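Participant: This is the structure I have questions about; it appears just below.
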Amino acid sequence: MARTAALTLAAALIAAAPAASGAAKAPANPAPAAAATASVLTPAGFPVQRHTLPNGLVVLLHEDHSVPTVTFWQWYRVGSRNERPGITGISHYFEHMMFNGSKNVAPKEYDRIIESNGGFSNAFTDYDMTAYYEDIASDRLEVLFRLDADRMAGLTLDPKVLASEIEVVKEERRLRVENDIDGMLDEQLYAAAFVASPYGWPTIGWMVDLEHMKRDDLVEYFRVYYAPNNCILVLTGDFDSKTVLAQVTKYFGPIPAQKAPEKPVNAEPLQNGERRVEVRYPAENVSFQVGYKAPSVADADVPVLDLLDSILGDGESSRLHQSLVYEKQIALGAGSFFAKRLEPTLFEFVVEMKPGRTAAEGDSALVGVLDRLAREGPTTRELQKAKNLLEAGFVRSLKTNNGVGEQLGFYEHVYSDYREMYRAVDRYRAVTAEDCKRVARSVFRPERRTISVLVPLAEDGAGAAP
C-alpha cells in the first residue's frame, strides 16, 4: 500500500480548471440560498467523550450505530516542523516504518492482518502531524487495538527493513518532487519563502538527508514523538464507549509516557521584500506559484482567509478562473490554496499558463484580481456562496465515520480542543465583506510574497522567457 506525504494540491487545482475556448463565458449560477441560522453542530446533537489515560494518551469517542463499522484514528503530534536540518523527512519515513514491524508483528504483516479481517488502513504526514487510520467491522475492533498498541509500544526498526524502505521513500521523492513540476515549484516556493521557519524544508525531506538517515536518530525520534502522551486516539462508529474505553486502557495504558517534546523553534523574521526563484525543467508551457505570508491557526482572521480562498479559487466561477481563464484567456488553470497550520504559513496561488504566454502576464493578472478584491471586497452573492460551500463541505465531512474521526483529530490537535469544531460554521457566518477587504489588504502585500516560476527548457537546454 502506498504511503504518501502531503506535498501539494497544485496538480488538483490545475486539473479542476479546464481551459476555455474562444470567447466562451462561464455559465451563470443561480443565486445561492442564504445559510440557515441554526447551528449545524452542537454538543447535544453530536456528543463526544474525551478521556485522558494516566500515561497522557488522549481518547476521543463518538458513537454512531448507523452501520456496523468503526474507524480508528491515531494522531501523533509530530510532523516535518519537528525535524531539523540533517534529519528532514524522518517524520514521513516513520509513516512507512509504522507498517514494517513491531515487537509482535512482523514486517508487512500489519496490513495483511487488517485486510484478512476485512479492514483497510492508510496514513499521511504533513508539516504539523502524522496520522494513521483504519476502517473495519465493529466486531473486529480489538484486532486494531492489539496491532496499534504493539507498534506504539515499540517498532523493531530492523536495519535491513530500514535500508529497503528508505529506497521506497527516495523513489517517492523522485516521483512527487524531482520529476513533477508542481512538486518542484511548491518545494522551492517554501524553501525561498521561509528562511528560519520549520516550514522551509519539505515534508518528504531533502534527498541528501534521506541518503544519510541513521538508525540512532530514528530510535530517539520514535521514543520522543511516538509516546502515548504525544498521541490522540479517535474512535467513531458502532461501539459501546464504556467497553471500548476499557479495551483502550488495557492495550495502551501500560505504554509509558515520555518527557514532553520541546516546541519547535520558529525564528522566521519579517519579510520585507518579494522573493523570487526559478525552476528550469523541460516543459511545454510556463507555470508559477505565489505564496503570501499568512497567519497561523491561532489568528482570529483564519475563517476570513478560508472564505477568501473559496472566493478566489474554488471552481470555474471563482475570481481567478473567471479572470485568467475565461476573460483574458491567458491561462489553462488558476487556483488558490490555504491550510490551517500551527505556524504562520502561506496563502498560495497556482497558475498554469497557455503555451506562448509568460509568467509575467499571469502574475500581473493575478495581482490585479487581488488588488480589486482588497479594494472593493466580494459581492454579497460571492460571499454567501463561499459561506455555503464551506458549510456544505464541513457537513459532508461528517457523513462518514472516517470523516468524523478526521475532523475530531484535526481540531483536537491543531486547535488543542475538538470542541472548536462546534463553532466552525458560526465563524464563517459571522464574516462580513469588510472583513474580507481588511484581511485581503493585510495579507496580499507585495513585500510579503514569494514567487516560484517554471522556466521551460527546450531539447537543447535553452530556457524560454518566464
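The values are calculated or read from the model by the stated rules, or taken from the named source; none is laboratory data. Model, not experiment: these values are computed from the prediction. As a convention, Cβ positions derive from the backbone with ideal geometry for all residues, glycine included, and neighbour counts pool all protein chains shown. These area figures cover heavy atoms from the full protein model, side chains too; ligands, DNA and RNA do not enter into them. Shrake-Rupley method; radii C 1.70, N 1.55, O 1.52, S 1.80 Å.
Participant: State yes or no: is Val265 within 30 Å of Asn230 (Cβ to Cβ), open to solvent by 50 Å² or more (accessible area, probe 1.4 Å) and either of a type in the set (A, V, I, L, M, F, W, C) or touching a residue at least 60 places away in the same chain (Cβ under 8 Å) (or both)?
Facilitator: Working: within 30 Å of Asn230 (Cβ to Cβ): yes; open to solvent by 50 Å² or more (accessible area, probe 1.4 Å): yes; either of a type in the set (A, V, I, L, M, F, W, C) or touching a residue at least 60 places away in the same chain (Cβ under 8 Å) (or both): yes.
Against the criterion (within 30 Å of Asn230 (Cβ to Cβ), open to solvent by 50 Å² or more (accessible area, probe 1.4 Å) and either of a type in the set (A, V, I, L, M, F, W, C) or touching a residue at least 60 places away in the same chain (Cβ under 8 Å) (or both)), Val265 qualifies.
Participant: Just the residues that are open to solvent by 20 Å² or more (accessible area, probe 1.4 Å) and under 27 Å from the mean Cα position of the chain (by Cα), please, taken from region 130-149.
Facilitator: Correct list: Tyr133, Asp135.
Participant: Which numbered condition in (1) within 30 Å of Arg341 (Cα to Cα); (2) out of contact with any Asp or Glu (no Cβ under 8 Å at 6 or more places or on another chain); (3) not in a helix (DSSP H, G or I) is the only one that Gly118 fails?
Facilitator: All conditions are met except number (1).
Participant: Answer with yes or no whether Asp299 is at pLDDT 95 or above, under 27 Å from Asn82 (Cα atoms), in a helix (DSSP H, G or I) and not aromatic (Phe, Trp, Tyr).
Facilitator: Working: at pLDDT 95 or above: yes; under 27 Å from Asn82 (Cα atoms): yes; in a helix (DSSP H, G or I): no; not aromatic (Phe, Trp, Tyr): yes.
No, not satisfied.
Participant: A follow-up question, please. Does Phe46 satisfy the criteria of being free of Cβ contacts under 8 Å to residues at least 40 places away in the same chain, more than 25 Å from Leu218 (Cα to Cα) and either open to solvent by less than 10 Å² (accessible area, probe 1.4 Å) or in contact with a helix residue (DSSP H, G or I) (Cβ under 8 Å, 6 or more places away or on another chain) (or both)?
Facilitator: Numbers: free of Cβ contacts under 8 Å to residues at least 40 places away in the same chain: no; more than 25 Å from Leu218 (Cα to Cα): yes; either open to solvent by less than 10 Å² (accessible area, probe 1.4 Å) or in contact with a helix residue (DSSP H, G or I) (Cβ under 8 Å, 6 or more places away or on another chain) (or both): yes.
For Phe46, the condition - free of Cβ contacts under 8 Å to residues at least 40 places away in the same chain, more than 25 Å from Leu218 (Cα to Cα) and either open to solvent by less than 10 Å² (accessible area, probe 1.4 Å) or in contact with a helix residue (DSSP H, G or I) (Cβ under 8 Å, 6 or more places away or on another chain) (or both) - is not met.
Participant: Would you mind stating whether Ala339 is open to solvent by less than 30 Å² (accessible area, probe 1.4 Å) and without any contact (Cβ under 8 Å) to a residue 12 or more places away in the chain? Break it down stepwise before answering.
Facilitator: Details: open to solvent by less than 30 Å² (accessible area, probe 1.4 Å): yes; without any contact (Cβ under 8 Å) to a residue 12 or more places away in the chain: yes.
Considered against the rule, which asks whether it is open to solvent by less than 30 Å² (accessible area, probe 1.4 Å) and without any contact (Cβ under 8 Å) to a residue 12 or more places away in the chain, Ala339 comes out as yes.
Participant: Now, a different point. Take the conditions modelled with pLDDT of 95 or more, in contact with a Leu (Cβ under 7 Å, 6 or more places away or on another chain) and surrounded by fewer than 17 Cβ atoms within 10 Å (Cβ to Cβ) and apply them to Ala392. Does it pass? Please lay out each step first, then the result.
Facilitator: Values: modelled with pLDDT of 95 or more: yes; in contact with a Leu (Cβ under 7 Å, 6 or more places away or on another chain): no; surrounded by fewer than 17 Cβ atoms within 10 Å (Cβ to Cβ): yes.
It is false that Ala392 is modelled with pLDDT of 95 or more, in contact with a Leu (Cβ under 7 Å, 6 or more places away or on another chain) and surrounded by fewer than 17 Cβ atoms within 10 Å (Cβ to Cβ).
Participant: Another one. Return yes when Ser416 is surrounded by fewer than 16 Cβ atoms within 10 Å (Cβ to Cβ) and either modelled with pLDDT of 95 or more or under 13 Å from Ala300 (Cβ atoms) (or both) and no when it is not. Explain how you work it out, then say what you get.
Facilitator: Values: surrounded by fewer than 16 Cβ atoms within 10 Å (Cβ to Cβ): yes; either modelled with pLDDT of 95 or more or under 13 Å from Ala300 (Cβ atoms) (or both): yes.
Considered against the rule, which asks whether it is surrounded by fewer than 16 Cβ atoms within 10 Å (Cβ to Cβ) and either modelled with pLDDT of 95 or more or under 13 Å from Ala300 (Cβ atoms) (or both), Ser416 comes out as yes.
The rows are residues; the columns are (1) at pLDDT 95 or above; (2) crowded, with 21+ Cβ neighbours inside 10 Å; (3) among the polar types (S, T, N, Q).
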{"site": "Ala196", "(1), (2), (3)": "yes, no, no"}
{"site": "Tyr199", "(1), (2), (3)": "yes, yes, no"}
{"site": "Thr203", "(1), (2), (3)": "yes, yes, yes"}
{"site": "Trp206", "(1), (2), (3)": "yes, no, no"}
{"site": "Leu210", "(1), (2), (3)": "yes, yes, no"}
{"site": "Arg215", "(1), (2), (3)": "yes, no, no"}
{"site": "Val219", "(1), (2), (3)": "yes, no, no"}
{"site": "Arg223", "(1), (2), (3)": "yes, no, no"}
{"site": "Pro228", "(1), (2), (3)": "yes, yes, no"}
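Residue-by-condition table, conditions (1) surrounded by fewer than 20 Cβ atoms within 10 Å (Cβ to Cβ); (2) touching a residue at least 40 places away in the same chain (Cβ under 8 Å); (3) closer than 22 Å to Asn82 by Cβ:
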position: Lys170; (1), (2), (3): yes, yes, yes
position: Val177; (1), (2), (3): no, yes, yes
position: Leu185; (1), (2), (3): no, yes, no
position: Gly237; (1), (2), (3): no, yes, no
